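The values are calculated or read from the model by the stated rules, or taken from the named source; none is laboratory data. Please read all numbers here as calculations on a predicted model, not as lab measurements. Reconstructed Cβ throughout: ideal geometry from the backbone, glycine too, with neighbour counts over all protein chains shown.
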């Protein structure tokens, strides 16, 4: 269930997307359109005997992630690097590999409220895009989620393909250029409505001239 803060943010974003000045709607993927079980990290920490939050920090703050999200390393290399870090901290390699495999293969779900907002935008003539700090596996993952049209179309703005990741200003510049290329017309930054769960990503989007709304994770 969404918190009141998340519900309020979605309402604010819906209202924004309905403004006449908005021409394009862009949503983040993870934590926004795609969501993972809230108990995943705590259960893995407990299984491995790690301090609460430790595995999440290792996975999502690993130095290799900057390379993965800009297309210079693969999701497989990321997983291998996490296993190596866990082993270096004293975990048995087999246990580390099993935990990483569970993290990497835990099914996600689609947030129906966000999906409905994107569909509404499309239905009213406002093209909808998904802008993610992704990996080389994102398209396959979206296909498995039943989002084949997004996975195989041109509305996915994947940082691993753009070569720059949020909140780098270059990522927003490249995303805008891709949007313009797809639509075949100039798009003013102030006509883009953007939804993201990362405060830094929202700040950077606003600096780029986009109209951005922060969506709380829960």
Please work out which residue is nearest to residue 186 (Cα to Cα), limiting yourself to segment 8-23 and to residues that are out of contact with any helix residue (DSSP H, G or I) (no Cβ under 8 Å at 6 or more places or on another chain) and in a helix (DSSP H, G or I). 16
What number of residues within segment 120-138 are assigned to a loop (DSSP other than H, G, I, E, B) and either without any contact (Cβ under 8 Å) to a residue 12 or more places away in the chain or surrounded by 15 or more Cβ atoms within 10 Å (Cβ to Cβ) (or both)? 8
Residue list for segment 32-63, restricted to those being surrounded by 18 or more Cβ atoms within 10 Å (Cβ to Cβ) and not in a helix (DSSP H, G or I): 32, 33, 34, 35, 50
Checked 157, 142, 150, 117 against criteria (under 15 Å from residue 194 (Cα atoms), assigned to a helix (DSSP H, G or I) and either without any contact (Cβ under 8 Å) to a residue 24 or more places away in the chain or assigned by TED's automatic domain parsing to the domain that holds residue 201 (or both)); the one match is 117
Determine, yes or no, whether residue 83 is touching a helix residue (DSSP H, G or I) at 6+ places or on another chain (Cβ under 9 Å) and in contact (Cβ under 8 Å) with a residue 24 or more places away in the chain. no
The conditions are (1) in contact with a helix residue (DSSP H, G or I) (Cβ under 9 Å, 6 or more places away or on another chain); (2) more than 22 Å from residue 35 (Cβ to Cβ); (3) in a helix (DSSP H, G or I), and residue 190 fails exactly one of them. Which is it? (1)
Run residue 76 past the list (1) outside any loop (DSSP other than H, G, I, E, B); (2) surrounded by fewer than 18 Cβ atoms within 10 Å (Cβ to Cβ); (3) outside the structural domain of residue 53 (by TED's automatic domain parsing) and report the number of the one that doesn't hold. (3)
Residue satisfying all of: in segment 201-218; part of a helix (DSSP H, G or I) and either farther than 15 Å from residue 132 by Cβ or outside the structural domain of residue 29 (by TED's automatic domain parsing) (or both); farthest from the chain's Cα centre (by Cα) among these: 207
